[in-house]
Amino acid sequence: MGIVRVIQEAVAGEIKNAFQLEMAAEDIQVSETKPDFDGDYTVVLFALTKSLKKAPEALGRELGEKMVNTHSHLFSSFNVIKGFLNLSISDRYWLQFLKESHSTEYYGFKTKGGRKVMVEYSSPNTNKPLHLGHLRNNFLGWSIAAIFEANGSDVVKTCIVNDRGIHICKSMLAWKKFGNGETPESTGLKGDHFVGNFYVAFENELRKQSEPLLQKIMQGEPAACSEEDQKKLGLFLDRLEQSSGNEEKTKELMDEIRELVRNNTPIMQEVREMLLKWEQGDEETIALWRTMNGWVYAGFDTTYKRIGSDFDKTYYESETYLLGKHFVEQGLSKGVFIRREDGSVWIDLTAKGLDEKLLLRRDGTSVYITQDLGLAKQKYDDYKIDQSIYVIGDEQNYHMKVLKLICQKLQIPNADNIYHLSYGMVELPGGRMKSREGTVVDADDIVTEMESIAANHTQELGKVKDFTDEELKDLYYILGVGALKFFLLRVDPKKRMIFNPEESIEFHGFTGPFIQYTFARTKSILRKEQPRNILQELPLLPLEKNVIIELEKYPTTIEQASHEMNPSVIANYIFGLAQVFNSFVTELRILTAETEDKKELRLQLAQMTVNVIKSGMGLLGIKVPERM
């Protein structure tokens with residue numbers, strides 16, 4: 001139980017004993033005392049004065065005296081400032097806490113309580129490698145799973161691989177046209193990079209075919225496309241003429257026209273034919289699909305291992321895209337869905353502030369939301385989960401709202417506990433990345449760059465001359481990947497962010513390497529001498545007390561991070577702990593302390609600090625080096 005909860009319960013008990021008033025402990029407001037005042041924790045009295053019919057200062061004095069007299073092991077003194085009761089925690093309490101906790105490796109972790117949580121993350125497409133955006137997704141998903149486990153949940157980590165559809169066929173068709181029988185092995189490329197190059201090649205060819213057509217159309221020449229698309233094009237061109245002077249509307253309409261033209265190029269017709277063959281089970285198409293996906297999976301596995309990401313279960317869209325169709329009939333019979341004259345099926349969500357959503361096309365084929373309904377049910381059937389967390393970028397906020405609403409309307413099990421962990425996009429200092437143009441920064445390239453920067457910074461410091469080549473390689477990896485993860489996780493997931501590799505790996509400031517250095521520095525002290533686990537009662541200096549107070553917050557920090565689904569809570573806490581400990585070790589000697597009792601106290605503080613740093617960084621998926 002955290003110290004804040006201990007104080008809340010003690011105050012509630014004294015209020016009941018002294019004033020015969022029952023109060024829930026959680027309703028008593030307790031916070032850390034502001035630095036300008038004496039005390040460690042402050043009880044806010046204003047909410048109590050009306051019920052107890054006492055002036056704030058009189059109530060504070062009466063309550064403070066009872067707290068110090070009745071709980072002398074916990075409180076050493078108090079003072080009252082207007083409506084605030086400031087309480088000082090006794091050194092005896094902090095020393096007992098340190099004695100009991102300093103050697104506990106998993107201090108702050110809860111035992112599993114039977115609550116099962118599924119976290120879905122990564123969700124890559126098999127037409128391109130993992131990129132910078134995938135890294136934030138993977139790091140968030142993995143860390144949330146670790147934090148939930150630390151907070152007592154039974155966690156299942158899952159991934160849905162988008163391994164079918166028009167985007168996959170684009171890479172396949174490009175390989176058939178331009179690949180000349182090449183393979184990852186013959187080119188020396190990772191499989192996912194190899195296949196991704198053909199996705200870019202397809203888009204380049206599509207651009208070559210579409211741009212001349214677009215120019216002709218804009219010059220008033222007739223377009224060679226279907227009658228339906230001719231009508232759409234005519235409407236777009238009419239609106240474009242009317243939107244003259246409205247830059248935003250003009251850009252929006254030009255994007256619509258450009259997409260329509262792209263869809264009427266010969267190469268897009270070929271790729272749609274390939275998709276149809278795949279759906280019909282054409283042997284040659286399926287064989288090529290399996291081969292190219294196999295190349296990509298091998299590449300993904302290498303990247304996942306390198307970044308420390310893993311899954312308990314992987315779902316594949318090729319196996320789930322037909323799921324959910326039966327929900328359409330179920331929804332129609334319940335009046336949840338409506339079938340239009342053309343045979344398509346829709347749901348009207350305008351009453352919920354959304355719009356109408358397509359569930360089934362007029363030709364009977366499903367859309368993403370349909371298969372997501374089926375997969376939501378499949379997940380529950382497989383694991384009987386209590387909560388399902390989807391780690392998906394904020395561009396899918398609307399889709400996830402619709403998915404949850406439909407699941408609720410269809411009474412799919414656990415629909416109320418679907419949660420979208422929405423996160424902002426990651427950009428580089430130069431701006432956004434674009435898959436179609438091949439300007440996306442590959443995850444592998446970023447990791448390699450981070451290792452290289454870590455090597456340069458470490459060599460500049462010149463403190464690793466006694467390291468072997470293998471030890472240096474491992475250190476550069478730990479520092480580089482640790483800096484990358486910390487930088488991407490230290491920001492609230494909801495916020496968009498700019499990733500700057502050089503800034504992320506500084507050894508000073510709000511970075512992973514600063515924390516890793518604090519850990520390594522403290523481990524070097526403990527290698528010289530370990531605590532004897534015998535702690536005498538002695539007065540604490542302010543810097544010693546500061547470290548203990550910071551360490552005591554770790555369990556409630558884990559709870560907060562789990563409740564908010566926010567790893568940045570852990571990142572900020574561990575950074576704060578490293579700062580406090582660095583201040584302590586800069587001012588006070590450990591191995592040459594004034595007395596043996598003081599040395600033991602400080603060794604125990606060092607031991608608990610390295611345990612918590614290692615644990616907290618572990619929840620972020622970050623390793624800490626024993627020496628740097």
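Out of curiosity, is residue 464 outside any helix (DSSP H, G or I) and in contact (Cβ under 8 Å) with a residue 60 or more places away in the chain? Criteria met by residue 464. Exactly one residue out of 11, 4 is out of contact with any Phe, Trp or Tyr (no Cβ under 8 Å at 6 or more places or on another chain), at pLDDT 90 or above and assigned to a helix (DSSP H, G or I), and it is 11. Restricting to the stretch 53-75, name every residue that is touching a helix residue (DSSP H, G or I) at 6+ places or on another chain (Cβ under 7 Å) and either within 30 Å of residue 597 (Cβ to Cβ) or at pLDDT 95 or above (or both). 67, 70, 71, 73, 74, 75, listed by residue number.
The set of residues from the stretch 573-599 being charged (D, E, K, R) and either exposed (fewer than 12 other Cβ atoms within 10 Å of the Cβ) or under 27 Å from residue 556 (Cβ atoms) (or both) comprises 587, 589, 594, 596.
Based on what the data block shows, is residue 206 assigned to a helix (DSSP H, G or I), surrounded by fewer than 22 Cβ atoms within 10 Å (Cβ to Cβ) and more than 29 Å from the chain's Cα centre (by Cα)? Steps first, please.
Working: assigned to a helix (DSSP H, G or I): yes; surrounded by fewer than 22 Cβ atoms within 10 Å (Cβ to Cβ): yes; more than 29 Å from the chain's Cα centre (by Cα): yes.
So residue 206 passes the test.
The residues of the stretch 101-137 that are outside any loop (DSSP other than H, G, I, E, B) and within 30 Å of residue 428 (Cβ to Cβ), listed by number, are 119, 120, 125, 131, 132, 133, 134, 135, 136, 137.
Quick one: is residue 140 among the hydrophobic types (A, V, I, L, M, F, W, C), in a helix (DSSP H, G or I) and in contact with a helix residue (DSSP H, G or I) (Cβ under 8 Å, 6 or more places away or on another chain)? Steps first, please.
Numbers: among the hydrophobic types (A, V, I, L, M, F, W, C): yes; in a helix (DSSP H, G or I): yes; in contact with a helix residue (DSSP H, G or I) (Cβ under 8 Å, 6 or more places away or on another chain): yes.
Considered against the rule, which asks whether it is among the hydrophobic types (A, V, I, L, M, F, W, C), in a helix (DSSP H, G or I) and in contact with a helix residue (DSSP H, G or I) (Cβ under 8 Å, 6 or more places away or on another chain), residue 140 comes out as yes.
Somewhere in the stretch 552-572, is a residue in contact with a Gly (Cβ under 9 Å, 6 or more places away or on another chain) and of a type in the set (Asp, Glu)? Within the stretch 552-572, one or more residues are in contact with a Gly (Cβ under 9 Å, 6 or more places away or on another chain) and of a type in the set (Asp, Glu).
When residue 23 is tested against (1) modelled with pLDDT of 90 or more; (2) surrounded by 17 or more Cβ atoms within 10 Å (Cβ to Cβ), just one condition goes unmet, and that condition is (1). Cβ separations smaller than 7 Å between residues 6+ apart or across chains give the following pairs from the stretch 422-444 residues that are crowded, with 17+ Cβ neighbours inside 10 Å and in a loop (DSSP other than H, G, I, E, B) to residues that are of a type in the set (Val, Ile, Thr) and modelled with pLDDT under 85: 433/439; 433/440; 433/441.
I'd like to know if the stretch 584-593 contains one or more residues that are farther than 30 Å from residue 418 by Cα, among the acidic types (Asp, Glu), touching a Gly at 6+ places or on another chain (Cβ under 7 Å) and part of a helix (DSSP H, G or I).
To start, the set of residues in the stretch 584-593 that are farther than 30 Å from residue 418 by Cα comprises 584-593.
Add one more test, that the residue is among the acidic types (Asp, Glu), and what stays is 587.
When the remaining residues are screened for being touching a Gly at 6+ places or on another chain (Cβ under 7 Å), the result is none.
No; the residues of the stretch 584-593 include none that is farther than 30 Å from residue 418 by Cα, among the acidic types (Asp, Glu), touching a Gly at 6+ places or on another chain (Cβ under 7 Å) and part of a helix (DSSP H, G or I).
If you go through the stretch 617-628 and keep only what is out of contact with any Ser or Thr (no Cβ under 8 Å at 6 or more places or on another chain), in a helix (DSSP H, G or I) and surrounded by 22 or more Cβ atoms within 10 Å (Cβ to Cβ), you end up with just 617. Of the set (1) within 27 Å of residue 609 (Cβ to Cβ); (2) touching an Asp or Glu at 6+ places or on another chain (Cβ under 6 Å), all apply to residue 96 but (2).
The values are calculated or read from the model by the stated rules, or taken from the named source; none is laboratory data. These numbers come from a predicted model, not from an experiment. Note that we place each Cβ from the backbone using ideal geometry, even for glycine, and neighbour counts take in every protein chain shown.
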